[in-house]
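> Pasting a structure here, questions to come.
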Amino acid sequence: ANYEVSKAWQVRENFKELFSVGKLFARLLFNRWSTDATQRKIKEIDKVVEMFNRHVSGVVNALLTNLNNAMAERLNGKIQELKTVGKGYRTFANFRSAILFFHGGLNLYPH
């Protein structure tokens with residue numbers, strides 16, 4: 001079991017190297033990493049590699065640009081929380097007003 005864990009750890013460390021390369025080498029290193037990872041014959045790692053290979057362009061772009069949708073997901077969570085706390089709104093306009101009031105970034109203080 002320790003040998004399997006050490007092989008999986010090595011795959012992880014090899015993947016982290018992808019973050020330090022330029023755009024030209026990212027795809028090449030990604031292909032090399034996926035080939036090496038599948039040769040380790042660990043079914044959990046193989047599952048991840050297959051998923052990454054299905055979305056290879058998005059994975060490489062995420063590695064290079066270091067962008068994500070965390071802010072959008074957090075705002076969505078806040079809106080869902082507002083909907084739950086409000087226990088329903090009579091109209092969409094009321095719900096929209098509540099979203100804009102709490103999360104619209106409005107400056108309500110007098111100048």
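> Which numbered condition in (1) surrounded by 14 or more Cβ atoms within 10 Å (Cβ to Cβ); (2) at pLDDT below 80 is the only one that Ala37 fails?
(2)
> Just checking, does segment 42-65 include any residue being in a loop (DSSP other than H, G, I, E, B) and either outside the structural domain of Phe15 (by TED's automatic domain parsing) or over 30 Å from Leu24 (Cβ atoms) (or both)?
no
> Considering every residue within segment 47-55, establish whether at least one is under 30 Å from Tyr3 (Cα atoms) and of a type in the set (Phe, Trp, Tyr). Break it down into steps so the answer makes sense when it comes.
Within segment 47-55, the first condition is being under 30 Å from Tyr3 (Cα atoms), and the residues that meet it are 47-55.
Adding the requirement that they be of a type in the set (Phe, Trp, Tyr) leaves 52.
Yes, the conditions are met somewhere in segment 47-55.
> Would you check if Arg32 is part of a helix (DSSP H, G or I), out of contact with any helix residue (DSSP H, G or I) (no Cβ under 7 Å at 6 or more places or on another chain) and of a type outside the set (A, V, I, L, M, F, W, C)?
So Arg32 passes the test.
> How many residues, within segment 45-88, are among the hydroxyl-bearing types (Ser, Thr, Tyr) and at pLDDT 85 or above? Steps first, answer last, please.
Going through segment 45-88, the residues among the hydroxyl-bearing types (Ser, Thr, Tyr) turn out to be 57, 65, 84.
Imposing the further condition that a residue be at pLDDT 85 or above reduces the set to 84.
The total comes to 1.
> Checking the structure you have, find out if any residue of segment 83-93 is surrounded by 11 or more Cβ atoms within 10 Å (Cβ to Cβ) and of a type in the set (D, E, K, R).
Checked against the condition, which is being surrounded by 11 or more Cβ atoms within 10 Å (Cβ to Cβ) and of a type in the set (D, E, K, R), segment 83-93 yields at least one hit.
> Take the conditions charged (D, E, K, R) and either more than 23 Å from Asn69 (Cβ to Cβ) or touching a strand residue (DSSP E or B) at 6+ places or on another chain (Cβ under 8 Å) (or both) and apply them to Lys16. Does it pass? Give the steps one after another, and end with the answer.
Details: charged (D, E, K, R): yes; either more than 23 Å from Asn69 (Cβ to Cβ) or touching a strand residue (DSSP E or B) at 6+ places or on another chain (Cβ under 8 Å) (or both): no.
So Lys16 fails the test.
The values are calculated or read from the model by the stated rules, or taken from the named source; none is laboratory data. Everything quoted here is computed from the prediction, not taken from an experiment. When we count neighbours, we look across all protein chains shown, and the Cβ atoms used for this are built from the backbone with ideal geometry, even at glycine.
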